[in-house]
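S.K.: Below: one structure in structure tokens.
The values are calculated or read from the model by the stated rules, or taken from the named source; none is laboratory data. Predicted, not measured: the structure shown is a model, and the values here were computed from it. Because the Cβ atoms are built from the backbone with ideal geometry, glycine has one as well, and the counts that use them run over all protein chains shown.
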Amino acid sequence: MLRKRLAGRFLRTTMLSGVAAAAAMPAVAQDGDTIIVTGSRIAREDLAAPSPIARVDAEQLTLTNTINSEQFLNTLPQVVPAFDSTSNNPGNGTATVSLRGLGTNRTLVLVDGSRYVASGPGGVVDLNAIPTALVQQVDVVTGGSSAVYGSDAIAGVVNFILKDDFEGVQLDVSNEMSAAGWDANIFNAALTMGGNFADGRGNAIVSLSYTNREALFQGDRDFSSDSLFDPGPGGTEFLTGGSGNALGGQFISNANTNNETTGADPDDDMEPFDLDDEAPGFLNAMGDPFFPCTSAGAQVCSNSVTFGGATPNPNGRRYINPGDQYNYAPVNYLQLPQERYSIYAGGSFEVNDSIEVYARGIFAQSVVDSQLAATPVGGNFTVNLDDPNLPSDFRDALVATYDYVDPDPCTDGNGNPTVAGGVCLDASDVQDRDGNGSDDVSLFAARRYNDSVLGPRNSLRDTSSFQIMTGVRGDLSPNWSYDAFLQFGRSSATQTQTGNISFSNLVAGVANGTCNIFGVDTLNDACATLINRTGIITSTVEQTQFVGTVNGTLEGFKAPWADDSVALAVGVEYREEFADFKPDSVLGPDVRGFNASLPVSGRYDVYELFMETRIPIVQGVPGIEELALNGAYRYSDYSTVGGVHTFAAGAEWSPVEELRIRGQFQRAARAPNISELFGAFTNGFPGAQDPCSAAGGFGSGEGQAAICQAYGVPAGAVGTNFQLSGQIEALFGGNPNLFEETADTITIGGVWQPASIDGLVLQVDYYNVEVEDAITGVPLQLVLDRCYVAGDTSTCDTFFGPGTRSPVSGRIGAPFLPSIGGLNIAGFKASGIDFQANYSFDLSDIGTVSMVYYGNYTLESSFQIDPSAPVIDCVGYYAGNCGIVANEPTPTYKHTMQTSLVSGPLTTSVRWRLIGGTEIDPSVFDPATQTTIGDLSDDIGMFNYIDVTLQYAVNENVDLTVGVQNITGKDAPLLGSTVNEQANTFPATYETLGRQLFVGASVRF
């Protein structure tokens, strides 16, 4: 289905991209002796970089059958997994990367050293748009790089470097599937063509690729087929549970609502769900009342439920028989289906020795499906007692809950008999409230609308993105060169959401008998037409960028003890960002199903000046083979936040030629994105207490009465219970007054390449990243406390100025609504030690061994939601508070190690992935015992995965590859309800498909 949807558009866009694009900006920047290294704009004669770099080459991607780049990136220890092919809920069909777990919006994604267009108003790049088949290497630079690349590079940079000198024709085909069920198939094909022309002065390349990833459901695996719940301390196994919105419906009669004027039981007036009444208000899916303590097994008893005689659960009263709970897990995706087409075209041409023109174009079309269980709906309904859809025993039970006080239940106040369903009624108890001639009652119904005429909720994301670049570069002199390019990118997405339900139409349909909600699969086509809603969300993102640089050395300007002159790069940059996110009117507050979406639209631009330098101080003396200083500075003038300064300063010292020690301090920044600035406001009703009222803790702040009066509370109301509701209405959305986030990054490390061990390179780097003024959504209670308790007048002026309180009562709420946007109040810290080792050596006559190891030991991964909140460190923990930011486990230690043996035509590769153990965050408590949940799921042990690949060169034109990932078939950890994740585990961190097999072939002409 997806293939047919895409085929026509792909053919049309192929022609457009071929005309618009023609080549990548290559890694070689000047002549054959100097190169540009990611993280710097200074041309260098070697790969030494001022910042730590983890480099992944094309061979590693091939040997691991990396089809989508996030597959490999998520295995690197510098990365905490974000959205990927398993991200069904939460997820939006994109694939993203988050360095150090600091957030996808704080990781800058580059292609050949330039920005790639984002996929939405949040400014995050969808990695699905980058053609993996053409990737020559991926550089991961950790630590801030804003002085070099600008905003967003707070956690670091991921730079995809594409092939730019390809000659010939190459076809790559692979197919991957899970051996656990011979399913989850992934097919990929790529055709690349390129060559030189004009006596080698020009090169052109075109690459086409296609990916088809099949769906896998949680119901296809035993560990994820049920919704599992942790019983807490003392439990021996998980409980199979689900949603209280049962398939046939859970019904609660609103008896007191209908009896408020009849002299009914006053206790019932106060507690509409009182289970101790003679005729309880709870009914199961088939309409049978749950009487207190009358049967074995699951039962309602004293406002609680027991399982087989176990201790009653004290957490409220709205429980039903577990057999009536809906298992929502099976229809959710464990692997999201995807169909993707991409095309890359590029070229370069040397006009003369001083001028080379180049261009490139990338187009990608990706369709990704997400699916959730059918829509749950809970709410109040009016049901007519003569409704033929209403089962007779259910009608009798409903009527019984209303018949409390009338001494003569068979006549009304005028002496007329009242009979309905064989039960004598009193007209003051059961009445015709909707005026249709039939007595009716009010009930609360919680039901899962999994009827065959509706089906599950489905979200289909269809994304088209392209980016075109054209530029010119060359030499100004033997020591100076220039590079200038202009690029434009556009991403368009259409998200179609089906399975939504109009609540108002459902209420009307139940009242008039069109919709039968009493039982399983009872809705008909007429009801489906009445209540079914399909929502469309469209988004467009555009990015325009111009960058011009000159790069060279100041000949003759050098230190007395140095041989090399000072190197310098200076440049200018202009960038404009535009985003427009439009949900249609269907996705409003009346619709149940997918979360309501708000429109976002905005634009900003930035003018920038930057420079970078490297200053050799001492070279070629005993004990100081080289000592050099480096620095960078960027001034950015944003149309939104104004002027922003970022800079970097560091030093490199080589006591001997084989050892390089480096250290750097960087000040990075991130300007607020369009969503954070211009998100539309909508009303919300959070639980909050007004500090100006008695119930809100009045008197806890100094001078509180004066502050309350100054911002609209009448003097006579201050300190009284004038704020009647614990839910205070306010508006929430973007904040155009946000300013930039800043981050200070320190890296200290070294690179050792011992002459005595040929082929060995070791890197060790300490990093420390501290983010201040981070942008976060703000709880209303925090804003109230900062204004009225802490006495922060700037907060008061921003959120509680004139018109946000009633001039009569002093209350907050409609129509006096404060507007709460995001604020620069959060903080993040990440520190640790990165390790990288590369070793290549000959093993006698057997062949050549190559090893690459990436490791990380995390010292701190903490956040503070606001300056008054505690600092929460998540190293070694998962879930609870530690699920707020990264939403994935944060092990203390993690590594990936790949070893390959090339013996003649055969290459054997083994990859070892290790994920350190974690424990549940201590903030996760069992409310019954106030102790940490955990006999079953408080500890995730160390996980090891082994992947094996064999590649055989049949001849110089054909390579065949076969591989096994997770060769031991290790299962993911089973976590149940302890975590707010999907599939009872963390599918982005741990393998969920079991043992996976892949085969591939590469043919060159």
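S.K.: Restricted to the stretch 437-461, and to residues that are over 30 Å from Ala129 (Cα atoms) and aliphatic (A, V, I, L, M), which residue is surrounded by the fewest Cβ atoms within 10 Å (Cβ to Cβ)? Quick ask: steps written out before the conclusion?
M.R.: Kept after step one, since they are over 30 Å from Ala129 (Cα atoms), are these residues of the stretch 437-461: 437-455.
Next, only the ones that are aliphatic (A, V, I, L, M) stay: 441, 443, 445-446, 453-454.
Working: Val441: 25, Leu443: 23, Ala445: 21, Ala446: 19, Val453: 16, Leu454: 21.
This residue is Val453.
S.K.: In contact with a Pro (Cβ under 9 Å, 6 or more places away or on another chain) and part of a strand (DSSP E or B): is that true of Ala649 in this structure?
M.R.: Details: in contact with a Pro (Cβ under 9 Å, 6 or more places away or on another chain): no; part of a strand (DSSP E or B): yes.
Answer is no for this residue.
S.K.: Looking at the stretch 487-508, is at least one residue farther than 30 Å from Val600 by Cα and surrounded by 20 or more Cβ atoms within 10 Å (Cβ to Cβ)? Even if it seems obvious, please write down each step before you answer.
M.R.: So in the stretch 487-508, the residues farther than 30 Å from Val600 by Cα come out as 507-508.
From what is left, the residues that are surrounded by 20 or more Cβ atoms within 10 Å (Cβ to Cβ) are none.
For the stretch 487-508, residues farther than 30 Å from Val600 by Cα and surrounded by 20 or more Cβ atoms within 10 Å (Cβ to Cβ): absent.
S.K.: Looking at Ala189, Ala204, Ala184, which one is of a type in the set (Gly, Ala, Ser), crowded, with 23+ Cβ neighbours inside 10 Å, outside any loop (DSSP other than H, G, I, E, B) and in contact with a strand residue (DSSP E or B) (Cβ under 9 Å, 6 or more places away or on another chain)? Steps first, answer last, please.
M.R.: On the way: Ala189 fails: crowded, with 23+ Cβ neighbours inside 10 Å; Ala204 fails: crowded, with 23+ Cβ neighbours inside 10 Å.
Exactly one of Ala189, Ala204, Ala184 is of a type in the set (Gly, Ala, Ser), crowded, with 23+ Cβ neighbours inside 10 Å, outside any loop (DSSP other than H, G, I, E, B) and in contact with a strand residue (DSSP E or B) (Cβ under 9 Å, 6 or more places away or on another chain), namely Ala184.
S.K.: While we're looking at this one, here's another question. Within the stretch 295-305, is even one residue of a type outside the set (Gly, Ala, Ser), modelled with pLDDT of 95 or more and out of contact with any Ser or Thr (no Cβ under 7 Å at 6 or more places or on another chain)? Before the answer, list the steps.
M.R.: Residues of the stretch 295-305 of a type outside the set (Gly, Ala, Ser): 299-301, 303, 305.
Filter once more, keeping what is modelled with pLDDT of 95 or more: none.
Looking for residues that are of a type outside the set (Gly, Ala, Ser), modelled with pLDDT of 95 or more and out of contact with any Ser or Thr (no Cβ under 7 Å at 6 or more places or on another chain), one finds none in the stretch 295-305, hence no.
S.K.: Hey, among the residues in the stretch 588-610 that are under 24 Å from His645 (Cα atoms) and in contact with a helix residue (DSSP H, G or I) (Cβ under 9 Å, 6 or more places away or on another chain), which one's surrounded by the most Cβ atoms within 10 Å (Cβ to Cβ)?
M.R.: At the first step, the residues of the stretch 588-610 found to be under 24 Å from His645 (Cα atoms) are 602-610.
With in contact with a helix residue (DSSP H, G or I) (Cβ under 9 Å, 6 or more places away or on another chain) added as a condition, the list becomes 602-604, 610.
Values: Gly602: 20, Arg603: 15, Tyr604: 19, Phe610: 24.
So the residue we want is Phe610.
S.K.: Among the listed residues Val383, Val377, Val399, identify the single one that is at pLDDT below 90, outside any strand (DSSP E or B) and in contact with a Leu (Cβ under 7 Å, 6 or more places away or on another chain).
M.R.: Selected residue: Val399, the only one of Val383, Val377, Val399 that is at pLDDT below 90, outside any strand (DSSP E or B) and in contact with a Leu (Cβ under 7 Å, 6 or more places away or on another chain).
S.K.: Looking at the structure I just gave you, is Ala526 within 39 Å of the chain's Cα centre (by Cα) and more than 30 Å from Val125 (Cβ to Cβ)?
M.R.: Details: within 39 Å of the chain's Cα centre (by Cα): yes; more than 30 Å from Val125 (Cβ to Cβ): yes.
Yes; evaluated as a whole, the condition is true for this residue.
S.K.: Right, here's the next one. Could you check Gln136 against (1) in a strand (DSSP E or B); (2) within 22 Å of Leu914 (Cβ to Cβ); (3) touching a helix residue (DSSP H, G or I) at 6+ places or on another chain (Cβ under 6 Å) and say which number it fails?
M.R.: (2)
S.K.: Shifting gears a bit: Out of the residues in the stretch 734-754 meeting the condition of being surrounded by fewer than 20 Cβ atoms within 10 Å (Cβ to Cβ) and not aromatic (Phe, Trp, Tyr), tell me which one is farthest from the chain's Cα centre (by Cα). Working first, answer last.
M.R.: Looking only at the stretch 734-754, we keep the residues that are surrounded by fewer than 20 Cβ atoms within 10 Å (Cβ to Cβ), and these are 736-737, 739, 744, 746, 748, 750, 752-754.
Applying the additional criterion that residues be not aromatic (Phe, Trp, Tyr) yields 736-737, 744, 746, 748, 750, 753-754.
Working: Pro736: 23, Asn737: 25, Asp744: 24, Ile746: 27, Ile748: 31, Gly750: 34, Gln753: 39, Pro754: 42 Å.
Filtering the stretch 734-754 for residues that are surrounded by fewer than 20 Cβ atoms within 10 Å (Cβ to Cβ) and not aromatic (Phe, Trp, Tyr), the one farthest from the chain's Cα centre (by Cα) comes out as Pro754.
S.K.: Next question, about the same structure. Tell me which of these Gly195 doesn't satisfy, since it passes every other one: (1) in contact with an Asp or Glu (Cβ under 7 Å, 6 or more places away or on another chain); (2) crowded, with 17+ Cβ neighbours inside 10 Å; (3) not hydroxyl-bearing (Ser, Thr, Tyr).
M.R.: (2)
S.K.: In the stretch 673-768, which strands (runs of 3 or more DSSP E) lie fully inside it and hold 1 or more residues that are among the hydrophobic types (A, V, I, L, M, F, W, C) and touching a strand residue (DSSP E or B) at 6+ places or on another chain (Cβ under 8 Å)?
M.R.: On the way: elements: 682-684, 730-733, 741-752.
It comes to 730-733, 741-752.
S.K.: To continue, here is another question. Looking only at the stretch 707-721, count how many residues are surrounded by fewer than 17 Cβ atoms within 10 Å (Cβ to Cβ) and not β-branched (Val, Ile, Thr).
M.R.: Qualifying residue count for the region: 6.
S.K.: Would you check which residues across the stretch 550-565 are surrounded by fewer than 21 Cβ atoms within 10 Å (Cβ to Cβ) and either out of contact with any Ser or Thr (no Cβ under 6 Å at 6 or more places or on another chain) or among the charged types (D, E, K, R) (or both) and list them? Give the steps one after another, and end with the answer.
M.R.: Taking the stretch 550-565 as the starting set, the residues that turn out to be surrounded by fewer than 21 Cβ atoms within 10 Å (Cβ to Cβ) are 550, 553-565.
Once the filter is applied, which keeps residues that are surrounded by fewer than 21 Cβ atoms within 10 Å (Cβ to Cβ) and either out of contact with any Ser or Thr (no Cβ under 6 Å at 6 or more places or on another chain) or among the charged types (D, E, K, R) (or both), the stretch 550-565 yields Val550, Glu555, Gly556, Lys558, Ala559, Pro560, Trp561, Ala562, Asp563, Asp564.
S.K.: Kindly indicate whether Glu577 is surrounded by fewer than 22 Cβ atoms within 10 Å (Cβ to Cβ) and assigned to a strand (DSSP E or B). Break it down stepwise before answering.
M.R.: Working: surrounded by fewer than 22 Cβ atoms within 10 Å (Cβ to Cβ): no; assigned to a strand (DSSP E or B): yes.
When the stated conditions are applied, Glu577 does not pass them.
S.K.: If you take the residues of the stretch 580-603 that are of a type in the set (Val, Ile, Thr) and part of a strand (DSSP E or B), which of them is nearest to Phe732 (Cα to Cα)?
M.R.: Filtering the stretch 580-603 for residues of a type in the set (Val, Ile, Thr) gives 586, 591, 600.
Of the ones still in play, those that are also part of a strand (DSSP E or B) are 591, 600.
On the way: Val591: 19, Val600: 13 Å.
This residue is Val600.
S.K.: Could you list, in sequence order, all residues of the stretch 823-849 that are free of Cβ contacts under 8 Å to residues at least 60 places away in the same chain and surrounded by fewer than 19 Cβ atoms within 10 Å (Cβ to Cβ)? Steps first, answer last, please.
M.R.: Step one: list which residues in the stretch 823-849 are free of Cβ contacts under 8 Å to residues at least 60 places away in the same chain, which gives 825-827, 842-849.
Selection gives Asp842, Leu843, Ser844, Asp845, Ile846, Gly847, Thr848, Val849.
S.K.: Quick one: would you say Arg490 is of a type in the set (D, E, K, R), closer than 30 Å to Ala246 by Cα, at pLDDT 75 or above and not in a loop (DSSP other than H, G, I, E, B)? Let's see the steps before the verdict.
M.R.: Working: of a type in the set (D, E, K, R): yes; closer than 30 Å to Ala246 by Cα: no; at pLDDT 75 or above: yes; not in a loop (DSSP other than H, G, I, E, B): yes.
Criteria not met by Arg490.
S.K.: So, one more: I'd like the full set of residues that are within 23 Å of the chain's Cα centre (by Cα) and either at pLDDT below 95 or closer than 30 Å to Ile468 by Cα (or both), limited to the stretch 191-216. Full working, then the answer.
M.R.: Quick first cut of the stretch 191-216, residues within 23 Å of the chain's Cα centre (by Cα) only: 211-216.
Within the stretch 191-216, Thr211, Asn212, Arg213 qualify.
S.K.: How many residues are closer than 24 Å to Ala345 by Cα and either among the β-branched types (Val, Ile, Thr) or surrounded by fewer than 21 Cβ atoms within 10 Å (Cβ to Cβ) (or both) when one looks only at the stretch 465-484?
M.R.: So the answer is 6.
S.K.: Now a separate question. Out of the stretch 330-361, which residues are crowded, with 22+ Cβ neighbours inside 10 Å, aliphatic (A, V, I, L, M) and under 27 Å from the mean Cα position of the chain (by Cα)?
M.R.: Across the stretch 330-361, the qualifying residues are Leu334, Leu336, Ile343.
S.K.: Spot the failing condition for Leu975; the list is (1) within 29 Å of Ser370 (Cβ to Cβ); (2) at pLDDT 95 or above, and only one is missed.
M.R.: Result: Leu975 passes all but (2).
S.K.: Would you check if Glu167 is acidic (Asp, Glu) and touching a Phe, Trp or Tyr at 6+ places or on another chain (Cβ under 6 Å)? It would help to see each step written out before you state the result.
M.R.: On the way: acidic (Asp, Glu): yes; touching a Phe, Trp or Tyr at 6+ places or on another chain (Cβ under 6 Å): no.
No, not satisfied.
S.K.: If you don't mind, another one. Using the structure shown, decide if Val875 is at pLDDT below 90 and not in a strand (DSSP E or B). Outline the logic, then answer.
M.R.: On the way: at pLDDT below 90: no; not in a strand (DSSP E or B): yes.
In short, no.
S.K.: Moving on to the next point. Hey, any hits in the stretch 944-952 for a residue that's within 19 Å of Glu991 (Cβ to Cβ), out of contact with any helix residue (DSSP H, G or I) (no Cβ under 8 Å at 6 or more places or on another chain), in a strand (DSSP E or B) and modelled with pLDDT under 95? Walk me through how you get there before you give the answer.
M.R.: Taking the stretch 944-952 first, the residues within 19 Å of Glu991 (Cβ to Cβ) are 944-949.
Next cut, out of contact with any helix residue (DSSP H, G or I) (no Cβ under 8 Å at 6 or more places or on another chain) only: 944-948.
Applying the additional criterion that residues be in a strand (DSSP E or B) yields 944-948.
Then drop every residue that is not modelled with pLDDT under 95, which leaves none.
No, every residue in the stretch 944-952 fails to be within 19 Å of Glu991 (Cβ to Cβ), out of contact with any helix residue (DSSP H, G or I) (no Cβ under 8 Å at 6 or more places or on another chain), in a strand (DSSP E or B) and modelled with pLDDT under 95.
S.K.: Take the residues of the stretch 903-922 that are in a strand (DSSP E or B) and closer than 25 Å to Gly876 by Cβ: which is modelled with the lowest pLDDT? Lay out the reasoning, then the answer.
M.R.: Narrowing the stretch 903-922 to residues in a strand (DSSP E or B): 903, 906-915, 918-920.
Next, from what is left, pick out any that are closer than 25 Å to Gly876 by Cβ: 911-915, 918-920.
On the way: Arg911: 97, Trp912: 97, Arg913: 97, Leu914: 97, Ile915: 97, Thr918: 92, Glu919: 87, Ile920: 82.
For the stretch 903-922, the residue satisfying everything is Ile920.
S.K.: Of Ala445, Ala508, which residue is of a type in the set (A, V, I, L, M), assigned to a helix (DSSP H, G or I) and closer than 25 Å to Asp386 by Cα? Quick ask: steps written out before the conclusion?
M.R.: On the way: Ala445 fails: assigned to a helix (DSSP H, G or I).
When all the criteria are applied, what remains is Ala508.
S.K.: Another one. For the stretch 761-797, enumerate the residues that are in contact with a Pro (Cβ under 6 Å, 6 or more places away or on another chain) and surrounded by fewer than 17 Cβ atoms within 10 Å (Cβ to Cβ).
M.R.: Hits for the stretch 761-797: nothing passes.
S.K.: Now for a separate question. Taking the stretch 474-512 on its own, how many of its residues are of a type outside the set (Val, Ile, Thr) and over 30 Å from Leu443 (Cα atoms)?
M.R.: Residues of the stretch 474-512 that are of a type outside the set (Val, Ile, Thr), as a first pass: 474-493, 495, 497, 499-500, 502-506, 508-509, 511-512.
Applying the additional criterion that residues be over 30 Å from Leu443 (Cα atoms) yields 474-493, 495.
So the count comes out to 21.
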